[in-house]
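The values are calculated or read from the model by the stated rules, or taken from the named source; none is laboratory data. Bear in mind the structure is a predicted one, so any value in this text is a computation, not a measurement. Cβ placement follows ideal geometry from the backbone for every residue including glycine, while neighbour counts extend to all protein chains displayed. Calculation scope for accessible area: heavy atoms of the full protein, side chains included, ligands and nucleic acids excluded. Shrake-Rupley method; radii C 1.70, N 1.55, O 1.52, S 1.80 Å.
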Amino acid sequence: MTDFLSTGTLPDEYRDLALTVREFARQVVAPVAAKHDAEHSFPYEVVSGMADMGLFGLPFPEEYGGMGGDYFALCLALEELGKVDQSVAITLEAGVSLGAMPIYRFGDDKQKQEWLPQLTSGRALAGFGLTEPGAGSDAGGTRTTAVLDGDDWIINGSKQFITNSGTDITRLVTVTAVTGEAGGKKEISTILVPTDTPGFVAEPAYNKVGWNASDTHPLSFTDVRVPQENLLGERGRGYANFLRILDEGRIAIAALAVGAAQGCVDESVRYAHEREAFGQAIGRNQAIAFKIGRMEARAHAARTAYYDAAALMLAGKPFKKQAAIAKLVASEAAMDNARDATQVFGGYGFMNEYAVARHYRDSKILEIGEGTTEVQLMLIGRELGL
Ligand SMILES: Cc1cc2nc3c(=O)[nH]c(=O)nc-3n(C[C@H](O)[C@H](O)[C@H](O)COP(=O)(O)OP(=O)(O)OC[C@H]3O[C@@H](n4cnc5c(N)ncnc54)[C@H](O)[C@@H]3O)c2cc1C
């Protein structure tokens, strides 16, 4: 079994964290993953366990209830969770990088004091509402509006595909909205909307192909009134701010995808030893060994890509291109490995209760969410001056 952590290249504190999360993933997450997937149910008990471990507070300072770790620590946790259950991993990823991080990065003291302790504890979740029916990759197409009426914003519009937006513990959704026009362009700002505000509705959850145990809803806003001070960051900086959030988020998604890719390798190695055909373990066939060898190479290469992007980010250096590369290659590695692992498993690989079948359904969205493959290529091209 491949074990990147055992190579000794990680400092002890990162290695210990990853091993702890790995154990949690094996003991607590894996046994209920197929059940929640089949029932399309949100795994509250698992999320509560992750909260107890402090995972939702990993990259935040202790003054806000965090663990005082960093973004790379979050990535390592996501990789371990992503190996066994992508739904659980995306719940953590979205909770931290889309839910709490925008408040930490752009919030004022009052907003941080009010929201971060709840979110970093994992007892409450926040969503990030950027995508709309007519604005996905082209997020500048936002049509949701926020108009000042006295001391309040009045928000009208809709969002779609918003993760963590309708659970029993969701308390907040941060939304982008058009707040005016500047220089002939839409002025887009970001506003905090507590989910108990009248006029805010999380519509029924989507029936998805995968990530069945994660929570995803369309949202509607009808004359939603929130105080003016719920503006997050500077007015008109909403677009720039969410681009920063998405750049970081891509490293986290890449880590999750590496977990999925590695999970497929680990399952395939085990099965190739166990399963016999024509009087021998299928792994003795070079065709199978080569397939799994290529899967391992993809996971490893994608891991080095996200490690690199995370290292640049933590060093305060530009990391946009590296984050896009990491997201691109890791999501493709997950999808390719899921397809190959399903092949290694034969007919069993097509049965929903097998982890590789879940990876097969779950991995596709990795090439779409937080910027599609094409968007990553656009970003890389731009960074190359094209
Ligand atoms: C399960 C799930 C969870 C999600 N969670 C969230 C969330 O929490 N918050 C949130 O805001 N959003 C979320 N999303 C939305 C997700 O980020 C978008 O679906 C994604 O950005 C793509 O946007 P779109 O679906 O509108 O596709 P479109 O932008 O319409 O793209 C359609 C196709 O056209 C391609 N395309 C578009 N423009 C170009 C171009 N210029 N050149 C080449 N190709 C192009 C795209 O790559 C894609 O293949 C989630 C989506 C899903 C499915």
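Couple of notes before you dig in:
- Compared with the dominant Cα axis of the chain, that is its longest principal axis, helix 320-345 is turned about 40°.
- Pairs with C-alpha atoms separated by more than 32 Å, drawn from the list Lys112/Lys327; Lys35/Lys317; Lys208/Lys327; Lys159/Lys291; Lys35/Lys291; Lys112/Lys364, are Lys35/Lys317; Lys159/Lys291; Lys112/Lys364.
- Note that the chain presents 42 Å² accessible area per residue, ligands and nucleic acids not counted, probe 1.4 Å.
- Beta bridges per DSSP with both ends in the chain, % antiparallel, nearest 5: 85 percent
- When both segment 250-278 and segment 123-140 are represented by their alpha-carbon centers, they are found 30 Å apart.
- In terms of the mean number of neighbouring beta-carbon atoms within 10 Å, the peptides 257-267, 113-123, 71-81, 355-365 order highest first as 257-267, 71-81, 355-365, 113-123.
- Annotation: lysines with alpha-carbon distance below 19 angstrom to Lys321 (same-chain offsets under eight excluded): none found.
- Averaging 1/r over each pair of different alpha-carbon atoms in the chain and inverting the result gives 21.2 Å, the Kirkwood hydrodynamic radius.
- Cα gyration tensor shape for segment 40-136, rounded if a/c is under 1.5, else prolate or oblate: oblate
- Within a Gaussian network of the chain (alpha carbon springs, distance under 10 Å), most fluctuating of Asp149, Asp340, Asp247: Asp149
- Placing +1 on each Lys and Arg Cβ and -1 on each Asp and Glu Cβ, with no other charges, gives the chain a dipole about its Cα centre of roughly 1020 debye.
- Cβ crowding within 10 Å averaged over residues, with 299-305, 199-205 ranked highest first: 299-305, 199-205
- Comparing Phe60, Val46, Ala30 along the charge dipole axis of segment 26-74, the residue lying farthest to the positive side is Ala30, per the Cβ-charge model.
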